[in-house]
Amino acid sequence: AIIASTDMGLLLRDDVFVNFFNTFLNLPVFGQTPIYISSTGRWEFWPELTSYLDPSPPALLAWLEKPRLPHFCKSSLCLNLVLCQKLLGFIRSGEAAKLLNWQSADRWLLEKCISGSQGMWHFRAFVQGMTGEELTSFWLTTERLLGLDESDARQRDLYLSLLHRLKATHLREGSTIVTLCRTIVGSLPKARHVQPISTRREILRKMQERALCMIQSYWLPKFFIHCKMSMAKEKSCWPLLKEYQERLLWANSQEPSGFSENLFMMHVKKSQGLSGPYCSRKAKAEIWTLVKEGRNTQELKMPSFQVQPERQPGPAGSTKESRLDKDALGLIPQQSEHPANAAFGDKGGATSTKRPRPNAEQVHHLKDLCEEKVLSNLCSSAPLVQLPSLKKPVETLSFLPWALSAETCAGQPFRDFLKCQNRPMETLVLDLWHDLEEFLPVVLDPSRENSFFLRHLIGEKICKTYLEEGTVLQLPLETRTLRSLQNHLMSGEFSPWIFRAQKEICKVLCSFYEEFLADDDRTFFQFMVKGMH
């Protein structure tokens, strides 16, 4: 709520916000995907605008505040931004210095390690499989739940769904959260009556504060030690360690403010005068054609489309498995060419003017993953500068799973569009697609926190919401597919019919997604043209 009510110009002075917001703006579900280079105050567009358009910064800020910022505030990226700000606030506090004996150099280095979307991604990778994962997951879920108004009919279903999820996982007897907060929760998990809203919120808020305190005082220091040990083994990080050691010798080094010290006049990069009409759908089809054909795109002035491997190096080459739930943090782009910046989520990484370029191996790897329908780990990076003209661009259906995987991370703009168009059936099948996408990583990885409870919870939810007799007959999917899903999901089992169902759903939604992109283009143009007058 605070972010939504803050002036966009002021928000863009915060380097941490810029990092998360750039990641959000470049999620592949959107049509226009701009990027803000905070070090120079410059905005770059992709797709580029036609030559006759020369938008002003005020028009761009108005567009960001209206169609984009509300969805960012509903996204999982925003929740992680809030948690990141909480952790940074603790790192900079006198309480942390006193409790953990941190010097200014320690706070400086830890800020480098955890700032931004990549920093949070590395932190959550570090705590994965340990109690820190449950504490973090509980904090994020509770933050989302407490931000909803239970009395609002539009938010009530989501509120009750999150509350049910909390009770089935984090608030079950014997969980880490209940054990930690025993004096607060009392007999809450055993209670059969419905508690007053104010009491429930108060209890959850206190439990959330206790969880955050444990994250800050225990897991954050452990992460810091892990980072320093990993950096010592990584040659590319030695310059950063050297600066850290030098800062340890400075008695009164300047504390970081978190805001850009150099204020540049915000401006928009001039268009290179592309010919033809502006069409984000065509631009997406062209870049997807490049990916599918496995072309060597080193010659193009474009960033890489990175894929998170199953085992991603931690903050400096750690081999810890870090395959995170995409709904928890989102699709994180590789934002810096420098290995140290990439490893530690350096705040400057997201706003570097040097854009990383893909190599042939990355492109071929991506192609293989696409063919296997493993699209949920695909990452979107900074927008492209210019695209070549291709003779046979792929159809929208080819890259639709890529876009839908990013939709929940982006605050569900496509779903809102379907609801505004009064398309209840299409909205329902989109919800089914997302629920199946959420179910997959849970059922395929039994080592995940609360995996057993979650896969049964999600499986039962899918069956009751979409596959019961009254609803299943209305869904525009093959009957055999729906029956096969029901047979496996009711018992929380994996089924290859999940991929078949998602493929059928994409065929149903394809034309509507094209309408969504066209509507997104029209809205963007209205703001840009209005700003020229």
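The values are calculated or read from the model by the stated rules, or taken from the named source; none is laboratory data. Since we're looking at a predicted model, the values are computed, not measured. Every residue, glycine among them, receives a Cβ derived from its backbone with ideal geometry; neighbour counts consider all protein chains shown. Heads up: the accessible areas ignore ligands, DNA and RNA and are worked out on the full protein's heavy atoms, side chains in. Shrake-Rupley method; radii C 1.70, N 1.55, O 1.52, S 1.80 Å.
So if the hydrodynamic radius of region 1-144 is defined as the Kirkwood radius over C-alpha pairs, what does Stokes-Einstein give as its diffusion coefficient at 25 °C and 0.890 mPa s, in µm² per second?
The diffusion coefficient I find is 145 µm²/s.
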- Query: Distance in nm between label sites at residue 172 and residue 160, each 7 Å beyond Cα in the beta-carbon direction?
  - Reply: 2.2 nm
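Given the Cα-Cα distance of residue 218 and residue 510 and 0.36 nm per residue of separation, how much length would full extension add, in nm?
On the way: separation 292, 0.36 × 292 = 105.12 nm, distance 4.70 nm.
Between residue 218 and residue 510, full extension yields 100.4 nm more.
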- Item | Radius of gyration and Dmax over the Cα atoms of region 41-122, both given in Å | 18.4, 59
- Output the pairs from 86/228; 98/222; 98/235; 282/419; 282/530; 167/464 with a Cα-Cα distance over 20 Å in this structure; if there are none, say none. 86/228; 98/235; 282/419; 282/530
- Ignoring ligands, DNA and RNA, what percent of the 1.4 Å accessible area of region 399-528 is carbon and sulfur? 51 percent
- Query: Separation between the residue 183 and residue 265 pseudo-spin-labels, each 7 Å from Cα along Cα→Cβ, expressed in nm?
  - Reply: 5.9 nm
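Return one quarter of the surface area of the convex hull spanned by the alpha-carbon atoms of region 399-528, equal to its mean projected area, in nm². All intermediate terms of the calculation are to be shown ahead of the outcome.
Working: hull surface 34.3 nm².
Quarter of the Cα hull surface area: 8.6 nm².
What FRET efficiency, computed as 1/(1 + (r/R0)^6) with R0 = 56 Å and r the Cβ-Cβ distance, is obtained for residue 151 and residue 249, rounded to the nearest 0.05?
Details: r = 57 Å, r/R0 = 1.02.
For residue 151 and residue 249, the calculated efficiency is 0.45.
Between residue 229 and residue 7, what's the calculated FRET efficiency when r is the beta-carbon distance and R0 is 51 Å? Round to 0.05. Spell out each step's value before the answer.
Details: r = 41 Å, r/R0 = 0.81.
The value I calculate is 0.80.
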